[in-house]
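Right, one structure below, let's go through it.
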Amino acid sequence: MTSSGTTPQGPITGEAACATWELLLPAVTAPPRARGRSLQAALREAVRSGRLAQGTRLPSSRDLAADLGVSRGLVTEAYEQLTAEGYLRSERGAGTWVGGAVRSAPPRVRDLAPRPPGARADFVPGTPDLSLFPRAAWAAAQRHVLAELPHRELGYPDPRGLPRLRTALAELLARRRGVVADPERIVVVSGVAQATALLGLVLHARGIDAVGVEDPGSPQHSALYAAAGVAAVPLPLDDEGPALDSLKASGVRSVVTTPAHQFPTGIVCSPRRRTELLEWARSVDGYVLEDDYDGDFRYDRAPVGALQGLDPERVAYTGSVSKSLAPGLRLGWLLVPEALADEAVERKRTMDLGHPTLDQALFARFVEHGDYDRQLRRCQRAYRERRDAVVDALGENFPGTCVSGVAAGLHIIASLPEEYGPWARFAARTAEAGIEVRALAAYAHAGMREGAREGVPEADAHADAVRLVLGYAHLSPARIRDGVRLMAQAVGGR
């Protein structure tokens, strides 16, 4: 291969010319029809990666074609294409050079998905057992849907969701959760997070700039409403649910609540408080925003029905498959009051033009054929057993522990005896032993500090009480028992 000339950095050497030949040689092994594109891609990547540096003069098209064993036209076309894109520059009679437009960072692919910390024992709540996902039944439903789905259904969907899925959800939610479910007012969403953001945008457009949130409560509520321009006002709880006097004094016209099983305290909203919440919403012309995140999982009796069933015009209801199937499916639903329906649908349309059609059709079939009911029963059995395991393990290793909240959901509240405090000591020793736990105070909206994100709320750093939110759904009974035993050993228990 021969090439001569100079660059702004000095003369072109034979080594640079050989480097060009070596970089591009693999491209010419591609099939003839793809050879031109492969040559262009290889040359483009060589410039992006810096292997062909800015200012480097390339061999003439004649010389490079001869060395690569391809036609000169192929090389000329590649040079012209990359010159048009800005990777190369060409001057009549002076040759072709690597241009100076490319400023690419070293390629890297990061995974920002939340992952388990790799602890010896991880009791952080919020994650279901992903191994319970019904792969065989899901795959069978997928095959049927792909075989029978009409071609027209692959176009842009109704932003509310496929009529088939909305009809299936209406029947499911009415039967299992006691909601008043009109398929016309169901919006299929990417989980409760999108439903929350969507509601925030609708409320903000109506001039509602603040919403009450339970304190302690789910951190995502505050963040999602804030992103929609709606401030979150922390509201305390009492034994019956959101404290009504504080709610009235706050001045808000909408409140987020988890009445079936409050997160994280485990309170079930009392019948009286349910009535009071609805009366309050009517009196201020506002709304109750019901997050039914784990309403299907009650182990001591049938689940309490959704609040929405009492007044569908004052309650916006959200739920998802994140706890029953897998959060990675990003599939949920929103039932909106009629007054908000048109705005909610329009917001959903502008967000993403509708939920993926294949996913909707698949889940519709899953519900219609009873697979979802079977999955819920399977999860209920597993999670009941695991809740029993964590309660028994605490009784054995931390005698005198009080477990509060009803037998439901995917976590418990455990108040340990005073001898295991203060919290700062307990947190330090469990962390040193590789045990991940969260304090109840870490879920307080008011006064959240940096330490709270690590389960060590600054405000409680010197408190004597050790009140834990222990997640158990993702752990087998054996791992639960081992984890509680390790925790006891770390802090000086049995």
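The values are calculated or read from the model by the stated rules, or taken from the named source; none is laboratory data. Everything numeric here is computed off the predicted structure, so don't read it as measured data. Using ideal geometry, Cβ is built from the backbone for each residue, glycine included, and neighbour counts are taken over all protein chains shown. Areas reflect the complete protein model, heavy atoms only, side chains present, ligands, DNA and RNA absent. Shrake-Rupley method; radii C 1.70, N 1.55, O 1.52, S 1.80 Å.
List of remarks:
- Being surrounded by 23 or more Cβ atoms within 10 Å (Cβ to Cβ) and either more than 22 Å from Gly354 (Cα to Cα) or out of contact with any Phe, Trp or Tyr (no Cβ under 8 Å at 6 or more places or on another chain) (or both) is a property that holds for Val256.
- Condition check for Thr275: closer than 22 Å to Glu338 by Cα, among the polar types (S, T, N, Q) and open to solvent by less than 20 Å² (accessible area, probe 1.4 Å): no
- In the range 134-225, counting only helices (runs of 4 or more DSSP H) that sit wholly within it, the ones holding 3 or more residues that are touching a residue at least 60 places away in the same chain (Cβ under 8 Å) and among the β-branched types (Val, Ile, Thr) span 191-205.
- In a residue-by-residue description of the range 371-382, the property of being modelled with pLDDT under 95, out of contact with any Asp or Glu (no Cβ under 8 Å at 6 or more places or on another chain), over 23 Å from Thr318 (Cα atoms) and not hydrophobic (A, V, I, L, M, F, W, C) applies to no position.
- Residue ranges of strands (runs of 3 or more DSSP E) in the range 302-418 with at least 3 members more than 19 Å from Gly126 (Cβ to Cβ): 315-320, 332-335
- Some residue of the range 198-211 being of a type in the set (Val, Ile, Thr) and touching a strand residue (DSSP E or B) at 6+ places or on another chain (Cβ under 8 Å): yes
- Residue within the range 241-264 that is in contact with a Pro (Cβ under 8 Å, 6 or more places away or on another chain) and of a type in the set (D, E, K, R) present: no
- When each of Gly73, Gly50, Gly86 is tested for being under 12 Å from Val98 (Cα atoms) and at pLDDT 90 or above, the lone residue that passes is Gly86.
- Only one entry of Gly370, Gly409 meets the criterion of being free of Cβ contacts under 8 Å to residues at least 12 places away in the same chain, under 30 Å from Arg166 (Cβ atoms) and under 29 Å from the mean Cα position of the chain (by Cα), and that entry is Gly370.
- Considering the range 325-339, the residues that are surrounded by 21 or more Cβ atoms within 10 Å (Cβ to Cβ) and not β-branched (Val, Ile, Thr) include one that is farthest from Pro114 (Cα to Cα), namely Leu335.
- When the range 224-239 is filtered for residues that are surrounded by fewer than 17 Cβ atoms within 10 Å (Cβ to Cβ) and not aliphatic (A, V, I, L, M), the ones remaining, listed by number, are Gly229, Pro236, Asp238, Asp239.
- Any hit, the range 372-389, residues being open to solvent by less than 30 Å² (accessible area, probe 1.4 Å) and of a type in the set (Asp, Glu): yes
- Scanning the range 150-179 for residues that are aliphatic (A, V, I, L, M), modelled with pLDDT of 95 or more and either over 26 Å from the mean Cα position of the chain (by Cα) or open to solvent by 80 Å² or more (accessible area, probe 1.4 Å) (or both) yields one hit, Ala174.
- Scanning the range 202-223 for residues that are open to solvent by 30 Å² or more (accessible area, probe 1.4 Å) and over 28 Å from Val469 (Cα atoms) returns His204, Ala205, Arg206, Gly207, Asp209.
- All positions within the range 180-195 that are open to solvent by less than 10 Å² (accessible area, probe 1.4 Å) and on the phi < 0 side of the Ramachandran plot: Ile186, Val187, Val188, Val189, Ala195
- Of all residues in the range 118-146, exactly one satisfies the criterion of being open to solvent by 80 Å² or more (accessible area, probe 1.4 Å) and farther than 22 Å from Gln375 by Cβ, namely Arg120.
- Test for Asp300: is it acidic (Asp, Glu), at negative phi, open to solvent by less than 50 Å² (accessible area, probe 1.4 Å) and touching a residue at least 60 places away in the same chain (Cβ under 8 Å): no
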